[in-house]
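Bear in mind that the values in this text are calculations on the coordinates, not laboratory data. The structure displayed is predicted, hence computed values, not measured ones.
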């Protein structure tokens, strides 16, 4: 039984050390999360600003109409 547990422990240690050394996958996940979060911020910001931008263009159009005789 002790040999069996020792083999399991050794296998888990080997797997853990291999995963700690290989950072390519972790870097790709970090970049993916960063891009996803930035995309969400841009989409939410665009949604929030849509009303304000629409109002701004309406005011600009009204001012230009007032300038033209």
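Full extension of the chain segment joining residue 53 with residue 40 gains 2.8 nm, where the gain is 0.36 nm per residue of separation less the Cα-Cα distance.
Length gain on complete extension for the stretch residue 18 to residue 63, per 0.36 nm per residue less the alpha carbon to alpha carbon distance? Present the calculation step by step, with values, prior to reporting the outcome.
Values: separation 45, 0.36 × 45 = 16.20 nm, distance 6.66 nm.
Result: 9.5 nm gained on full extension.
Binning the alpha carbon pair distances of the chain at 5 angstrom intervals from zero yields the distribution 3, 13, 8, 9, 8, 7, 8, 7, 6, 5, 5, 4, 4, 3, 3, 2, 2, 1, 1, 0, expressed in whole percent.
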